[in-house]
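First the structure, in the form of structure tokens, and then the observations on it.
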Amino acid sequence: MRPILMKGHERPLTFLKYNREGDLLLSCAKDHTPTVWFADDGQRLGTYRGHNGAVWCCDVSHDSTRLVTGSADQSVKLWDVQTGTQLYSFNFNSPARSVDFSVGDKLVVITTDPFMGNPSTIQVKRIAEDPADQTSDSVLTIKGPQGRINRAVWGPLNKTIISAGEDSIIRIWDSETGQLLKESDKESGHQKTISSLCMFTDKSHFLTGSADKSAKLWDTRSLTLLKTYQMDRPVNAVAISPLLDHVVIGGGQEAVNVTMTDRRAGKFEAKFYHKILQDEIGGVKGHFGPINALAFNPDGRSFSSGGEDGYVRLHHFDPDYFSIRM
Amino acid sequence: MAAAALSMPEIENKAMNLGIDLSTIDFDNIVLPPGDDFGINSDDEDILHEEEAPEFETGYGNVIVVDNLPVVSPEKFAKLEGVIRKIYGQTGVIKEGGLWMPVNPDTNMTLGYCFIEFNTAQEAKEAKEKTDGYKLDKSHIFVVDMFDDIDRYMNVPDEWTPAEIKPYEAGDHLQHWLTDEKARDQFVIRAGTVTEIFWNDARQVRPDPVYQRQYWTDSFVQWSPLGTYLATVHRQGAAVWGGKSTFNRIHRFPHNQVKHIDFSPGERFLVTYSSQEPSNPRDTHRVVLNIFDLGTGKLMRDFKGSVDDFTTGGSGGLSGISWPIFKWGGGKEDKYFARIGKNAIYVYETETFILVDKKSYKVDNVVDFSWSPTDSILALFVPELGGGNQPARVSLVQMPGKVELRQKNLFSVSDCKMYWHSNGEYLAVKVDRYTKTKKSTYTGFELFRIKERDIPIEVLELDNKNDKIIAFAWEPKGHRFAVIHGDGPRPDVSFYSMKTGGITARVSKLTTLKAKQANALYWSPAGRFIVLAGLKGFNGQLEFYNVDDLETMATGEHFMCTDIEWDPTGRYVATAVTSVHEMENGFHIWSFNGKLLYRIPKDHFFQFQWRPRPPSLLSPEKEEEISRNLRKYSKKYEAEDQDVSLALSEQDRKKRRALQEEWETWTARWKQYHEEERELRLQLRDGEASDDEGSQEQYEAKEVEAEEVLDVHEEIVD
């Protein structure tokens, strides 16, 4: 499995996203330009210029026409995927950390960081069919969790919103009323900041990664803890294979320590675990900084990783990957 | 409520009989007459009595009473006071107004005693020690007491009452761990605030917990040399623990602020050490050493003094002490212990706890000594004196009697280091000598054969005698030794044997391994196998080497490894990364031939220690017989191994099946939800037929050529 090394960003990667068909890969980094690539050969197609800060997150609509990006420049921007033109900009008074399209792409859930005395929020915006009709009104604003909310995603049928962040608790909210429906158990749940959250394609279960050196698999409806994958490093990124019962978990020692120790100590591998048996399958080395972003191609035959080192590595699995027996 | 207490229904019955309505009584308001508990013990009564009564600070700990002073008239009062101030001003700082000499109001004469209050209790104690028995003149010999003691002595009853003899209680089986059916070994680890003891269950490839306890020790834990006890160290002193099923406290050894502990090799005694900062920064640290009997917990002897008294070579200061201060000699009977002083070695007998022959053993300028691990033989090193006029010397001295068995003079020596073989058969002295220019040093070895007649000495120099010696280690239970030598990042490792060349054995080299990433040697306690380890700068390279066959069995790596320890049987090796740095903390267990068995990561990992085993009780003949018929014995264990691995894989299969089944129930439920919600999802997507199972559809890459007219420009060509 020879990876395709994609050098397009000048700063650490923050997020990776495939479109539904799996032919496009969108990447966000701390430089200000989200980039779109051919997911097959890693060719760069184009960039989305307009942000004036690190871009933390993005999502692409079901039909691959609209892109939404959230940035530290306190804005969330809506783009035309094909032309790269900016369609609209939602402005906030604090950095936007995460964005996620609802099923049907009519709503988008956005989280904003606590900043200059403003608490962190989860906000829902309505996306107009015609960009000319777009308004910046929030359909719903949720406040409450302490600290940064690193990720908020839609539950099944857009009925719920699932959020996770610095306070290490996973919460399920009613997306109509903003009511808190469920909270993860403090004992069995994560002990430190939850850095990432990845929903399975059918939204039945999701995986969270945390600085407490573990990743956990949860049932979306009941918030039951299903599995725990114990690591020996802080987890920054997680992804679930849509094809096989595998999960991939990435991370590494904190960036502040990287220069002080050997490269081998950093543990910058992407680790594959068996989703059900929780056993380690293997690791993919290559990055020379912590892994910040991971994504599976929707066909499950390739995945990509983005690192603090500024590279995206695109891996197409070898045939023997599909015949791994545990 | 203890035995006398009634149960609740009984109480209710009783109340009914007496015609009392219990609900009208406010239990909180019932007060027992003071001093009477009506025979009802409180819940914590046992603990209350078990714990020693707390020591109260009476506030007079820094006051001493000096008796036997001259009785003087008021005219001479000031003069006497001056004399006393002068004497006691030397030992400590007398508090302002802290000297009081009472006067008989009738005669105006002094009463012949005075009270002196010092700044600290420690100074008071020192003053008492130093001036008790001080001769002011013939008829006035000071008797000095602590003020607090007077009270205590007053309360001693005049009549002797026979001590109460406690009925005999059978002790716990302290060596029960040796009777483990699977012959496993134990180890203790300390991580965070928790101290845990495990069996090393190599068959199941995991540790099997025995006992764990939080905040068990204030600083570290230590097994006794034969593994009988585990010692913990606290602010108030040390404690030893042991027992059959759990770890019970066997003894406590009070010693305030204890810093170091040391067991005698035969487990008869425990030495504890503390040093205290003086109130006056110009003074040296005060050192207290206690020697306890491990069996009874009794204090056998204490040593007090300033740090300087216990440092060698007069270097003084804080770093001057090298632990252990007392070195034990005389084999497993713990017959002697000795410490080095200025121009003398102090050898004590454990029979009486006094100096052998009641005096120290004078050796001018001695700087180092060590005991033979098996015999009462001392090896001494005296460095060169008088600018090379008097050669340096190493001598072997038999105790008792102080008979010099052998002596070797050495010239232009810069340093010497002694390495005893664990059987006491050989002594290797590593000698660093100056080259002729005196600018650099080179190294040689003097090898003593202790057990042979007249103790022959052989001189060994390495092939390249300018090589720096990085490590040296004798093979336990054998006749070989290993040396790491060389400069630069890849030193060489050489093996030598003491038993080559017919009747008159000679030392000779077996082999040299070139350019190894190693800086430490770890022989198996059974000999034959050795781990060449590259700690610290070498990032934890490990090489498992078989010295019989002179071949490498395996190489491995435990990244950042800081500590390596063989288990007492020589079957397993533990490598650990302790909390010297934050990363990678935890330990690995390897088999003797370098197969990694299991890894346990632990944050804030401080300590790993195998539980030692006492020496085998089998006679050498019996041992040899067993090793000859090993095949017969091993069959049984191989069969057991097989059973275990079968059971394990069976267990594993079952577990996996259970996990898989559990998962299937989940997925079934999810599928159902997914089906039910299909319609609704379709609505959300405005009836778009393509459902969200995008992965089923294959996309098609099409190349589309788009032409766009950017600009039209007309130019007239001439």
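The values are calculated or read from the model by the stated rules, or taken from the named source; none is laboratory data. Given the structure is predicted, the values throughout are model-derived calculations rather than measurements. A quick note on method: Cβ atoms are made from the backbone with ideal geometry, for glycine too, and the neighbour counts reach across all protein chains shown. Just so you know, the surface numbers come from the protein's heavy atoms only, side chains and all, with ligands and any DNA or RNA stripped out. Shrake-Rupley method; radii C 1.70, N 1.55, O 1.52, S 1.80 Å.
Observations on the structure shown:
- Residues of the range B:445-488 satisfying the condition of being outside any loop (DSSP other than H, G, I, E, B), buried (at least 18 other Cβ atoms within 10 Å of the Cβ) and among the small types (Gly, Ala, Ser): B:ALA482
- Being open to solvent by 50 Å² or more (accessible area, probe 1.4 Å) and either touching a Lys or Arg at 6+ places or on another chain (Cβ under 8 Å) or at pLDDT 85 or above (or both) holds for only one residue in B:LYS417, B:LYS438, B:LYS430, B:LYS402, and it is B:LYS417.
- Residues that are within 19 Å of B:TRP666 (Cα to Cα) and either of a type in the set (Val, Ile, Thr) or at the interface with chain B (Cβ under 10 Å from one of its Cβ atoms) (or both), drawn from the range A:223-239: A:THR224, A:LEU226, A:LYS227, A:THR228
- Residue that is most open to solvent (accessible area, probe 1.4 Å) [pool: residues in the range B:186-216 that are among the hydrophobic types (A, V, I, L, M, F, W, C) and part of a loop (DSSP other than H, G, I, E, B)]: B:VAL205
- Given (1) open to solvent by less than 20 Å² (accessible area, probe 1.4 Å); (2) closer than 15 Å to A:ARG11 by Cα; (3) out of contact with any Cys (no Cβ under 6 Å at 6 or more places or on another chain), index of the condition A:TRP56 fails: (1)
- Qualifying residues in the range A:17-34 (those that are hydrophobic (A, V, I, L, M, F, W, C) and more than 10 Å from chain B (Cβ to nearest Cβ)) - the one farthest from A:LEU67 (Cα to Cα): A:ALA29
- Pair list, Cβ < 8 Å and 6+ apart or interchain, from the range B:551-566 residues that are at negative phi and at pLDDT 90 or above to residues that are in a loop (DSSP other than H, G, I, E, B) and among the charged types (D, E, K, R): B:ALA554/B:LYS595
- For the range A:80-111, the tally of residues that are within 14 Å of chain B (Cβ to nearest Cβ) and either over 18 Å from A:TYR48 (Cβ atoms) or small (Gly, Ala, Ser) (or both) stands at 5.
- Within the range B:362-381, being of a type in the set (Gly, Ala, Ser) and outside any strand (DSSP E or B) holds for B:SER372, B:SER376.
- Of the criteria (1) among the hydroxyl-bearing types (Ser, Thr, Tyr); (2) open to solvent by 80 Å² or more (accessible area, probe 1.4 Å); (3) at pLDDT below 60, which one B:SER42 fails: (2)
- Selection count, the range B:223-258, where residues are touching a residue at least 40 places away in the same chain (Cβ under 8 Å), open to solvent by 10 Å² or more (accessible area, probe 1.4 Å) and under 23 Å from B:GLN276 (Cα atoms): 1
- Taking (1) more than 18 Å from B:ASN200 (Cα to Cα); (2) part of a loop (DSSP other than H, G, I, E, B) in turn, B:GLU624 satisfies each apart from (2).
- Considering A:ASN158, A:ASN150, the condition of being in contact (Cβ under 8 Å) with a residue 12 or more places away in the chain, surrounded by fewer than 22 Cβ atoms within 10 Å (Cβ to Cβ) and under 20 Å from the mean Cα position of the chain (by Cα) is satisfied by A:ASN158 alone.
- Here A:ASN118 meets each of (1) touching a residue at least 12 places away in the same chain (Cβ under 8 Å); (2) within 30 Å of B:GLU679 (Cα to Cα); (3) open to solvent by 10 Å² or more (accessible area, probe 1.4 Å); (4) away from chain B (no Cβ under 14 Å) with one exception, condition (2).
- Selected residue (only one of B:PRO383, B:PRO400 is in contact with a helix residue (DSSP H, G or I) (Cβ under 6 Å, 6 or more places away or on another chain) and within 30 Å of B:LYS358 (Cα to Cα)): B:PRO400
- Residue match in the range A:302-312 (condition: touching a strand residue (DSSP E or B) at 6+ places or on another chain (Cβ under 7 Å), part of a loop (DSSP other than H, G, I, E, B) and within 14 Å of chain B (Cβ to nearest Cβ)): no
- Residue within the range B:568-590 that is open to solvent by less than 40 Å² (accessible area, probe 1.4 Å), farther than 19 Å from B:ALA520 by Cβ and outside any loop (DSSP other than H, G, I, E, B) present: yes
- Per this entry, B:PRO281 is not counted among residues that are assigned to a loop (DSSP other than H, G, I, E, B), open to solvent by 40 Å² or more (accessible area, probe 1.4 Å) and touching a strand residue (DSSP E or B) at 6+ places or on another chain (Cβ under 7 Å).
- Where A:GLY266 falls short, out of the listed (1) within 20 Å of A:SER214 (Cβ to Cβ); (2) at pLDDT 90 or above; (3) within 11 Å of chain B (Cβ to nearest Cβ): (2)
- Restricting attention to the range A:121-138, the residues that are of a type outside the set (D, E, K, R) and open to solvent by 50 Å² or more (accessible area, probe 1.4 Å) total 3.
- Check on A:THR141, of a type outside the set (A, V, I, L, M, F, W, C), within 16 Å of A:SER98 (Cα to Cα) and loosely packed, with under 15 Cβ neighbours inside 10 Å: yes
- Failed condition for B:TRP610, given (1) among the aromatic types (Phe, Trp, Tyr); (2) away from every other protein chain (no Cβ under 14 Å); (3) open to solvent by 50 Å² or more (accessible area, probe 1.4 Å): (3)
- Set A:LYS216, A:LYS271, A:LYS275, A:LYS192: member being modelled with pLDDT of 90 or more, within 9 Å of chain B (Cβ to nearest Cβ) and either over 28 Å from B:GLU675 (Cα atoms) or open to solvent by less than 50 Å² (accessible area, probe 1.4 Å) (or both): A:LYS275
- In the range A:195-211, residue farthest from A:SER102 (Cα to Cα) [restricted to those that are open to solvent by 30 Å² or more (accessible area, probe 1.4 Å) and within 14 Å of chain B (Cβ to nearest Cβ)]: A:ALA211
- Residues (of a type in the set (A, V, I, L, M, F, W, C) and either open to solvent by less than 10 Å² (accessible area, probe 1.4 Å) or in a strand (DSSP E or B) (or both)) located in the range A:278-301: A:ILE281, A:VAL284, A:ILE291, A:ALA293, A:LEU294, A:ALA295, A:PHE296
One line per residue, one yes/no per condition, for (1) open to solvent by less than 70 Å² (accessible area, probe 1.4 Å); (2) over 46 Å from the mean Cα position of the chain (by Cα):
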position: B:SER73; (1), (2): yes, yes
position: B:PHE77; (1), (2): yes, yes
position: B:GLU81; (1), (2): yes, yes
position: B:GLY89; (1), (2): yes, no
position: B:PRO105; (1), (2): no, yes
position: B:GLU123; (1), (2): yes, no
position: B:LEU136; (1), (2): yes, yes
position: B:SER139; (1), (2): no, yes
position: B:MET146; (1), (2): yes, no
